[in-house]
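Have a look at the structure below before the remarks.
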Amino acid sequence: MPVISKGNLVLVTGASGFVGSHVSQHFLKGGFKVRGTVRSESKGEYLKKLFKNDGDFDYVIVDDIAKDGAFDEAVKGVDAVAHTASPFYVTNIKSTDELIQPALHGTTGILKSIQKNNPDVKRVVVTSSVSAIMCVASKKAPYTYTEKDWNVDSVGIVEEKGVDAPGLHIYNASKTLAERSLWDFVEKNKPNWEAVTINPPVIFGEIIHECPTPEKLNTSVARVYEWAAGKKTEKDLPAAGGNWVDVHNVAEGHVLALTKPDAAGERFIVGNGPFAGQDICDVIHKRFPDLKDVPVGKPGTHDEITKDANVFDGSKAHKELGIQYVSLEDSVYQTVKSVRERFHF
Ligand code: NAP
């Protein structure tokens, strides 16, 4: 069960993203070297500046993860891989390929590049999602999902309806196909390295990646931004919203996936339970009383709103990886603080 040790080099794909930037920083702060993949030189230079006091960071350009051989060069000489790159949006989808091709071929592509050019890497952690676990069509809420569950709905729905399928199913299908391709590859090729997946629900937390305008915010942080920036009204509450987790817990999960011997071959839900829009508004009112354009709803009604919500059980990551979950109040506070600083409101 080989693991990486301090000083080893980790390839982080999608280092310019919300999650990828934190994953990179956690590896750096943990004493590892990081090679990040980005789509442009300017994104790479932004990260070099961001991480200048955190450790040894460099980048390579991989402009489209869906292309054959995209990672052939990037994987050379690394000790492990954290594959976070994958498109995440659920609206304005013009073709299912937009999401499925990069998710699926990005994953199979990097595994093929590893086998071809660096089969001695020790571990590969893939950022999957609860999207690869949830069965919103075939399982009735409230249901408690664990790592044993697989999404058996979305791929069929997308096969049947194509781009007319709900955007969430298209994204969920992309993540399901990507994660399945990882475990199928391991089963079929029996590589020397070991695989781990981190399966988070909606991720909140501070933004550190380059994001010049609110319109360019990643999907999950945008969900907090909209409440804070006065884009929602009383009518939008209570807005039961799925499960959530803080980005630092997700990034920490990626480091532990490569450093804990027993993590090999496992999926980990890194998630801290259900939330509603009401919870986000309650935190904003408490911690940012100067923000006036935030709906009030019925403060303190979390239990009532989420009583029939599905739960993605994150206890395995707590018990086996040792993750201590950040509270929703802290996570929403950090999210709002960072978007206010970035966008000056
Ligand atoms: P994000 O900020 O949009 O990051 C996505 C990253 O992937 C970016 O670096 C992006 O590059 C890169 N990317 C996307 N398509 C690409 C392509 N075709 N070629 C090259 N690079 C590509 O989103 P995120 O929220 O950080 O998501 C990161 C990972 O976490 C994804 O695997 C996502 O499925 C997973 N996840 C996210 C959440 C969440 O709530 N945020 C929850 C569960 C799982 P650019 O920066 O150049 O666009």
| Cβ pairs under 6 Å, 6+ apart, first in the stretch 289-308 and on the phi > 0 side of the Ramachandran plot, second of a type outside the set (A, V, I, L, M, F, W, C) | Gly297/Pro238; Gly297/Gln278
| note | The number of residues in the stretch 133-157 that are among the polar types (S, T, N, Q) and without any contact (Cβ under 8 Å) to a residue 40 or more places away in the chain is 3
| note | Considering the stretch 155-175, residues that are buried (at least 17 other Cβ atoms within 10 Å of the Cβ) and under 21 Å from Pro274 (Cα atoms), and then whichever is nearest to the ligand (Cβ to nearest atom), we arrive at Lys175
| query | Here are some residues: Ala132, Ala80. Which one is at pLDDT 95 or above, over 21 Å from Phe18 (Cβ atoms) and of a type in the set (A, V, I, L, M, F, W, C)? | reply | Ala80
| From the residues in the stretch 122-154 that are aromatic (Phe, Trp, Tyr) and out of contact with any Ser or Thr (no Cβ under 9 Å at 6 or more places or on another chain), which one is farthest from the ligand (Cβ to nearest atom)? | Tyr143
| Subset of the stretch 232-258 [crowded, with 20+ Cβ neighbours inside 10 Å and hydroxyl-bearing (Ser, Thr, Tyr)] | none
| query | Does Lys175 satisfy the condition of being in contact (Cβ under 8 Å) with a residue 40 or more places away in the chain, part of a helix (DSSP H, G or I) and not aliphatic (A, V, I, L, M)? | reply | yes
| task | Return a yes/no flag: does the stretch 197-210 have any residue that is farther than 30 Å from Glu341 by Cα and open to solvent by less than 50 Å² (accessible area, probe 1.4 Å). | result | yes
| request: Could you figure out which of (1) surrounded by 16 or more Cβ atoms within 10 Å (Cβ to Cβ); (2) under 23 Å from the mean Cα position of the chain (by Cα) isn't true of Gly265? | output: (1)
| message | Condition first: within 14 Å of Asn243 (Cβ to Cβ) and not in a loop (DSSP other than H, G, I, E, B). Can you find one or more residues in the stretch 323-331 that meet it? | response | yes
| strands (runs of 3 or more DSSP E) (entirely within the stretch 1-115) containing at least 3 residues that are open to solvent by less than 20 Å² (accessible area, probe 1.4 Å) and either more than 21 Å from Trp183 (Cα to Cα) or away from the ligand (no atom under 13 Å from the Cβ) (or both) | 33-38
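The values are calculated or read from the model by the stated rules, or taken from the named source; none is laboratory data. Just so it is clear, the structure is predicted and the values come from calculations on it, not from any experiment. Cβ sites come from the backbone with ideal geometry, for glycine too, and all protein chains shown count toward neighbours. For accessibility, only protein heavy atoms count, side chains too; no ligands or nucleic acids. Shrake-Rupley method; radii C 1.70, N 1.55, O 1.52, S 1.80 Å.
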